[in-house]
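Encoded as structure tokens, the structure appears first; notes follow it.
The values are calculated or read from the model by the stated rules, or taken from the named source; none is laboratory data. These figures come from a predicted structure and were not determined experimentally. All Cβ positions, even for glycine, are placed from backbone atoms using ideal geometry, and neighbour counts span all protein chains on display.
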């Protein structure tokens with residue numbers, strides 16, 4: 001074996017595996033001692049015996065009966081955020097016309113930051129849950145929503161656990177009503 005090939009092989013083997021195969025998992029210290037930033041959402045959803053990787057998420061505020069509340073929407077596919085923004089903008093801050101026909105869970109948090117209930121749509125089935133089997137809290141910090149939420153069906157049918165640190169979706173206010181154009185007609189002569 002030539003000496004240049006030996007030097008190349010030694011150099012390649014000396015590269016830490018995470019450098020060759022990608023970054024270490026979130027929160028794991030790198031050789032330089034710098035921790036990698038956490039993922040925006042981590043967790044999974046299980047319905048009966050099937051597990052789903054819900055790794056897409058958005059945090060947003062919407063108007064409901066008692067005022068603005070924070071929602072965390074998680075899915076296993078990309079969330080059409082532009083559509084969500086348009087619905088919030090065009091419906092005075094309400095998301096009730098935003099319908100998502102892909103696997104998703106929409107978790108509603110009270111104004112004090114406690115998980116209140118969730119709506120789920122998975123494999124064509126939809127269900128809503130509130131009560132003591134749903135736990136979780138959020139807090140606003142530097143324009144982000146940080147928190148965790150857990151649910152375990154007492155009958156064993158569904159469960160999820162998520163931690164998140166998501167930017168709060170910025171929605172521009174609804175356009176003001178355009179001003180009436182100036183009149184081009186002349187006033188009647190007297």
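Below are the figures for this structure:
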{"read-out": "Any hit, segment 92-103, residues being buried (at least 17 other Cβ atoms within 10 Å of the Cβ) and outside any loop (DSSP other than H, G, I, E, B)", "value": "no"}
{"read-out": "Condition check for residue 188: part of a loop (DSSP other than H, G, I, E, B), within 23 Å of residue 68 (Cα to Cα) and modelled with pLDDT under 95", "value": "no"}
{"read-out": "Filter result for residue 84 (at pLDDT 95 or above, assigned to a helix (DSSP H, G or I) and buried (at least 19 other Cβ atoms within 10 Å of the Cβ))", "value": "yes"}
{"read-out": "Cross-chain or 6+ apart pairs with Cβ under 7 Å, segment 80-92 first and touching a residue at least 40 places away in the same chain (Cβ under 8 Å), then surrounded by 14 or more Cβ atoms within 10 Å (Cβ to Cβ) and not in a loop (DSSP other than H, G, I, E, B)", "value": "81/58; 84/58; 84/60; 88/60; 88/62; 92/63"}
{"read-out": "Top-ranked residue in segment 133-162 [being outside any strand (DSSP E or B) and modelled with pLDDT under 95; ranked as surrounded by the most Cβ atoms within 10 Å (Cβ to Cβ)]", "value": "153"}
